[in-house]
Amino acid sequence: SPQVGEMVGSYVPLVNLQHQYLITDNHPDIAALKKELPVTRDSIAASYIRQEGNGFLIGPYETRGSKPWALEGVDWSFDRELFEGDLERLMPYLERCMEIVPLFKEVGISSVINGLITHTPDDNLLVGPAKGLRNFWNLCGASIGIAQGGIGKYLAQWMVYGQTELNMASLDSRRFDLWADKKYCITRAIESYERMYAMAVPNENRPHGRPIRVSALHTVLAQKGAIHVVNTGFEKPA
Ligand SMILES: Cc1cc2nc3c(=O)[nH]c(=O)nc-3n(C[C@H](O)[C@H](O)[C@H](O)COP(=O)(O)OP(=O)(O)OC[C@H]3O[C@@H](n4cnc5c(N)ncnc54)[C@H](O)[C@@H]3O)c2cc1C
């Protein structure tokens, strides 16, 4: 998307990171179950665990050492390809999964899927009209693919009627501009990947990539002990 945007002078702030999940062999105890296991997420394993066939599907979001990809641009011949599995990187998280799901120790791994997930600096999608262009629309940066269908409905309303029945401000791609430079996008993408399953607290202001947009009073206020919160990159006193 950033390269397509570039063709028309539009800045699309997103970064890809590798994400892996693995599928295990079947286990007779799971085959004997009368109902499907629930999908679980564990903050310490930073993983989702669910039943796949009569085995497991496990996807860790590594809390360190995550891998951004193609920071200089994606080769035009690349089309949703997969990479070699890299289990080494996942081991600390898989070990924790074995603690909480002991049956996982008893099955082999049948496949590892390693693909790309796109991330924006605040991990919300980029949706709506591109800044400064007429009739050029974004719908990209979806880290959670399952959200795509619903968002498509509101983008269609936006395109046809010029407005939507829901407030789209938090997804509007115009919330970012050149201030969200490459270094900021990479830093924030890594942060959002590595904190995917961290316990969130209300009004949390994650620290990475800050400060990037400040008022002339920022330093004076900070020296006097002001606590700043952030809104679209702007530091403002809480
Ligand atoms: C390993 C892995 C596990 C995942 N697990 C989940 C999950 O459990 N739940 C979930 O909700 N999401 C999951 N996701 C994320 C989900 O796959 C993505 O969020 C979703 O696919 C993003 O959709 P998209 O339409 O924005 O991009 P894509 O699905 O990548 O679609 C982009 C499309 O654009 C096409 N294209 C590219 N360049 C051009 C061009 N120049 N001209 C025309 N067409 C072009 C591509 O061929 C492709 O069809 C996972 C991703 C990975 C890698």
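Applied to region 79-92, the Karplus parametrisation 6.51 cos²θ - 1.76 cosθ + 1.60 on θ = phi - 60° returns per-residue 3J(HN,Hα) values of 9, 6, 7, 10, 9, 4, x, 10, 5, 3, 5, 8, 3, x Hz, with x for Gly and Pro. When the chymotrypsin sites (Phe, Trp or Tyr not before Pro) in region 47-139 are filtered for DSSP coil states and for at most 15 other beta-carbon atoms within 10 Å of their beta-carbon, the remaining sites are 76, 78, 136. For the chain, the relative contact order is 22 percent, taking Cα pairs closer than 8 Å that sit 6 or more residues apart in sequence and dividing their mean separation by the residue count.
Can you tell me which lysines have their Cα less than 25 Å from the Cα of residue 35? Leave out same-chain residues fewer than eight positions away. Those lysines meeting the cut-off are 105.
Among 168, 196, sorting on how many other beta-carbon atoms sit within 10 Å of each Cβ, with the fewest leading, yields 168, 196.
For residue 16, the amide hydrogen comes within under 5 Å of the amide hydrogens of 69, 119, counting only partners 5 or more places away or on other chains and with H modelled in the peptide plane.
Rounded to the nearest 500, the helix-only mean residue ellipticity at 222 nm of the chain stands at -7000 deg cm²/dmol, with each DSSP H run of n ≥ 4 adding -39,500 (n - 2.57). A DSSP coil position with no more than 16 other Cβ atoms inside 10 Å describes the following trypsin sites (Lys or Arg not before Pro) in region 1-93: 34, 35, 64, 80. What GluC sites (Glu not before Pro) does region 22-99 have in DSSP loop regions with at most 13 other beta carbons within 10 Å? Here the GluC sites (Glu not before Pro) that fit, given the DSSP loop and packing criteria, are 36, 72, 81, 84. Separation of region 173-238 from region 93-115 is 35 Å, based on Cα centroids.
For the residue pairs 182/224; 67/182; 131/182, alpha carbon separations beyond 21 Å are given by 182/224. Suppose the Debye formula is applied to equal point scatterers at every Cα of the chain; what is log10 I(q)/I(0) at q = 0.12, 0.17 Å⁻¹? So the normalised log intensities work out to -0.82, -1.28. Computed 3J(HN,Hα) for region 151-156, one whole-Hz value per residue from the Karplus formula 6.51 cos²θ - 1.76 cosθ + 1.60 where θ = phi - 60°, is 5, x, 4, 6, 5, 4, glycine and proline marked x.
Using Cβ point charges alone (K and R +1, D and E -1), the dipole size of region 2-119 about the Cα centre works out to roughly 440 debye. Starting from the Cα coordinates of region 176-238, work out the convex hull volume and express it per residue in Å³. Residue-normalised Cα hull volume stands at 93 Å³. Using the alpha-carbon positions of region 2-119, Rg (one decimal) and Dmax (whole number) come out as 17.3, 58 Å.
Rule-based calculations on the coordinates, nothing more; no lab input. Being a predicted model, the structure only gives us computed values, none of them experimental. Because the Cβ atoms are built from the backbone with ideal geometry, glycine has one as well, and the counts that use them run over all protein chains shown.
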